[in-house]
Amino acid sequence: MRHLLEVDDLTPEELVAVLALARRRDLPAVLQRRGVALVFEKPSARTRNSMEMAVVQLGGHPVTIRPDEVGLDVRETVEDVTRTLACYHAVIAARVFQHSHLERMASVSPVPVVNLLSDEAHPMQALADLLTLEDAFGPLSGRTVAYVGDGNNVCRSLAIAAGMMGMQVRVASPPGYELAEADIQRIRAAGVEPQLTTEPLDAVRGADAVYTDVWASMGQEAEAAERRRAFAGFTVDTALLDAASPSAVFLHCLPAHRGEEVTAEVLEGPRSWVWPQAENRMHAARGLLAWLLGVAP
Ligand code: CP
Ligand code: NVA
């Protein structure tokens with residue numbers, strides 16, 4: 001029995017297997033007459049819908065639990081919620097503020113626990129990102145992804161996932177908003193030395209993919225104005241994207257803030273792959289669930 005709290009909970013071979021399963025449209029109904037619990041401490045459009053539909057496509061029944069319903073460590077302890085949900089469900093997936101909540105879930109859960117985004121990681125997003133990059137380029141080894149923006153959960157999982165696939169990783173963040181040292185160690189352990197800079201142009205030059213995310217993540221709304229000041233010059237606009245490879249694609253996990261981390265022109269332009277990327281959330285979720293439930297690729 002395995003959990004997915006971060007992409008590197010998989011070996012590189014297992015990651016390839018999950019991506020192969022994600023591409024299959026003929027997976028067995030391994031969730032028939034079974035449930036999957038989807039616990040949300042924060043809002044979600046893509047993650048909730050892609051997970052629910054992936055569960056349905058595998059023959060199962062998703063139960064989405066809203067922030068006010070369970071109350072992790074408020075109404076009941078994280079451990080008691082986990083043991084309860086495991087009585088009914090084949091998999092427990094959760095979007096949480098504190099990554100440690102997921103670790104506590106995994107430590108007592110008799111069924112797989114999946115991270116649907118925490119303060120540290122967003123592995124389900126990274127799986128979809130890899131599928132999208134493969135759709136664009138085929139084999140990823142030797143390709144370069146440039147992330148411009150906050151050294152956050154999305155940045156960390158993307159860098160780990162890309163490193164595991166043999167990609168080069170560059171990250172441009174303003175001073176004070178870089179990846180944490182522990183994240184950098186973890187990216188190195190995934191097989192890549194990330195090139196870190198405070199200059200977006202240095203990161204983007206010649207890259208195959210340019211990726212950004214919001215400047216203020218969920219829970220950081222009070223810092224939004226301060227962050228807008230700190231991230232001035234980090235907007236992915238046409239001029240910045242023009243510095244990437246002529247065949248470069250633009251990716252964004254969404255939701256997007258036009259005029260902040262990306263211009264409307266880039267987001268809606270011909271190099272933007274954000275909608276195929278959003279669709280790939282569902283295929284990635286189906287592949288990961290099938291793998292966790294023992295389907296061979
Ligand atoms: N990219 C992503 O996780 O989107 P949601 O917050 O809408 O789930
Ligand atoms: N970094 C963002 C990603 C949203 C999908 C957040 O944590 O809110």
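The values are calculated or read from the model by the stated rules, or taken from the named source; none is laboratory data. What you see is a predicted model; the values in this text were computed from it and never measured. Neighbour counts run over all protein chains shown; Cβ positions are idealised from the backbone, glycine included. Please note that ligands, DNA and RNA were not included when accessible areas were found on the heavy atoms of the full protein model with its side chains. Shrake-Rupley method; radii C 1.70, N 1.55, O 1.52, S 1.80 Å.
Pairs are defined by a Cβ separation below 6 Å, a sequence spacing of at least 6 or placement on different chains, a first member in the stretch 193-213 that is over 16 Å from Ala126 (Cβ atoms), and a second member that is hydroxyl-bearing (Ser, Thr, Tyr); the pairs so defined are Ala203/Thr197; Gly206/Ser245; Ala207/Thr144; Asp208/Thr144; Asp208/Ser245. Every listed requirement among (1) farther than 27 Å from Arg286 by Cβ; (2) under 16 Å from the mean Cα position of the chain (by Cα); (3) open to solvent by 10 Å² or more (accessible area, probe 1.4 Å) is met by Gly149 save one, (3). For the stretch 71-111, filtered to residues that are within 18 Å of the chain's Cα centre (by Cα) and of a type in the set (D, E, K, R), the residue that is farthest from Val55 (Cα to Cα) is Glu103.
Taking the criterion of being among the basic types (Lys, Arg) and under 18 Å from the mean Cα position of the chain (by Cα), would at least one residue in the stretch 187-209 satisfy it? No, that holds for no residue. Here Asp129 fulfils each of the conditions (1) out of contact with any His (no Cβ under 9 Å at 6 or more places or on another chain); (2) open to solvent by 10 Å² or more (accessible area, probe 1.4 Å); (3) charged (D, E, K, R) apart from (2). Pairing each residue of the stretch 236-248 that is in contact (Cβ under 8 Å) with a residue 12 or more places away in the chain with any residue that is open to solvent by 20 Å² or more (accessible area, probe 1.4 Å) and assigned to a helix (DSSP H, G or I), provided the two are 6+ apart or on different chains, yields C-beta distances under 6 Å for Thr238/Glu265; Ala243/Leu201. Within the stretch 151-161, being within 9 Å of ligand 2 (Cβ to nearest atom) and in a loop (DSSP other than H, G, I, E, B) holds for one residue alone: Asn152.
Note on the stretch 107-150: residues that are part of a helix (DSSP H, G or I), away from ligand 1 (no atom under 16 Å from the Cβ) and either in contact with a Pro (Cβ under 8 Å, 6 or more places away or on another chain) or not aliphatic (A, V, I, L, M) (or both) amount to 4. Going by what's in this entry, would Val108 be described as out of contact with any strand residue (DSSP E or B) (no Cβ under 7 Å at 6 or more places or on another chain) and among the β-branched types (Val, Ile, Thr)? The answer is yes for Val108.
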